[in-house]
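Peer 1: Attaching a single structure in structure tokens format; questions to follow.
Just so it is clear, none of the values below were taken in a lab; they were calculated from the coordinates. Predicted model, so just to flag it, every value in this text is computed and none were measured. As a convention, Cβ positions derive from the backbone with ideal geometry for all residues, glycine included, and neighbour counts pool all protein chains shown.
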């Protein structure tokens, strides 16, 4: 808020300034060492520099952040919580405790007047794959407002922001809202009675559990890469999924992985998928590009020539905009990298500082784009007036400036769209070159075979483990899984593997999230929308029409055999899958064909080509042949 541009912008949108001790750190005297719940110093002056509630950052890179409870001497200070045992003496920085009473007073005033407050309960931005521990501020604000006004109708709405390459320009994001939470009156009464720590902790647990339903979180970055790769390999009905369903599918893959991560089959599959990812990285191609590099030689040549010509045309069309706004590209890149490095050095939670990259790219562009646009407009207007193309008058000069600003804006937008399409085409040229290169064509072919084998293995594993974890998992139709599993929450460490949805429950009447309601569906995944979420399929290599006919025939078999619905379905499904496996194994001379699918790569959203393709004649013949064999296998049964 002290910065001229950012501070003015924040005040215009009604932001409430919040001071943090970590924002105003000072270098301490001497060296310190964390010994459990005690901070010990050497040649330090704790009585002069530290006070009760002060924050101490130990180490040059901020390896530990501790809070002082009380200072006993110049070289001994008692910590509020147990610290990690340090490896040696290190330099430290300290920040004084900040009085936040003014912030809370302004928040209470806004809430009492009917306003709303947006807050990041983690206390700061980061680029980790998991949530940071929530700060108590959001709970204190809610409980304090309710304690001051008994009749206030306060609701807490959890919001999840799931980014797709947030550090890149015009990247995608999905914003999800969970069920509004109401704080029980019992917690408000306990807060009034002085039991503030217990009440705040209970509210934080409620908020934490609610955030789990709208965020994608993993233990580490490698697990996140594994989950994303598995989602791309999973057979989701051979159709493109919208971003909302991609995020939901990622979340449910994480739920299943967290439950079965010790299973030998899952461990083996994880190693295989990560090895496949490493091969893609070494070749410099993406997962969806492996599928697009499967054409014959003549078709690859034609496609390569066509895309090269199209790329050249789009490059020429976007060249004026690139030249005009190249100063912005250079400035955003240089400044954002510099700021990210500074933030990474000063932070204890950031991994690569990509969140700072995105922030400073946006800030620099917001400042430079209008300035550069106005500069170009004035220069063009001066040139036009100087060569007497228009009368020399104030009216004409102002008109020319406005016209130039409009024309340059349209030109820059057109160049931006042409450039995005051209960049997608440019990235698709490398797999085509690799397909023509004799030294790498065999590698691509083997990689494609590996991908198909992994996709089949993953789909079969999901269809095997799905019913064990979720009793309402039906491989014959599309259903939704719970928002998150109970053992992922902070307060519910165990859950029943026989838990299921009760469709008679009134989901809209649930106001708070607790251990008993962790399997409720969020508002963005209501019961009415479940049939449209094509997230699970039991058939690894077929179209939707064949799947429908497959289950219709199963129902007929059930009636003829006079078995129960659930028993006959499972028995017939196993027999048909077994027969199909035997028939495929006999066809050693033929290659297993899988229909092309366009997977959205969340690890690089700019690589996704926004295009649709029709099935070729040869693929139609393969589809007919596969369908015929499928029906023949059922007749044999």
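Peer 1: May I ask for the Rg/Rh ratio of region 102-212, computed from Cα atoms with Rh as the Kirkwood radius, given to two decimals?
Peer 2: My calculation of the ratio gives 1.01.
Peer 1: Give me the tail of P(r) for region 220-469 as a percent: Cα-Cα pairs with distance above 35 Å.
Peer 2: When every Cα pair of region 220-469 is considered, 41 percent fall beyond 35 Å.
Peer 1: Right, here's the next one. If I take R0 = 45 Å and measure r between the Cβ atoms of residue 42 and residue 453 in this structure, what FRET efficiency does the formula 1/(1 + (r/R0)^6) give, to the nearest 0.05?
Peer 2: Between residue 42 and residue 453 the formula returns 0.15.
Peer 1: Could you calculate the contour length gain from residue 72 to residue 100, that is, 0.36 nm times the residue separation minus the distance between their Cα atoms, to one decimal place in nm?
Peer 2: 7.5 nm
Peer 1: Quick one: if you stick a label point 7 Å off each Cα along the C-beta vector at residue 577 and residue 8, how many nm between them?
Peer 2: That separation, rounded to one decimal, is 6.5 nm.
Peer 1: Using a 10 Å cut-off on Cβ atoms, rank the peptides 372-378, 54-60, 225-231 from the highest mean neighbour count down.
Peer 2: 225-231, 54-60, 372-378
Peer 1: Name the shape class, rounded, prolate or oblate, that the alpha-carbon gyration tensor gives for region 299-437, where a ≥ b ≥ c are the square roots of its eigenvalues, rounded holds for a/c under 1.5, and otherwise prolate holds if a/b is larger than b/c and oblate otherwise.
Peer 2: oblate
Peer 1: With a point put 7 Å past each Cα toward its Cβ, work out how far residue 341 is from residue 261 in nm, to one decimal.
Peer 2: 3.4 nm
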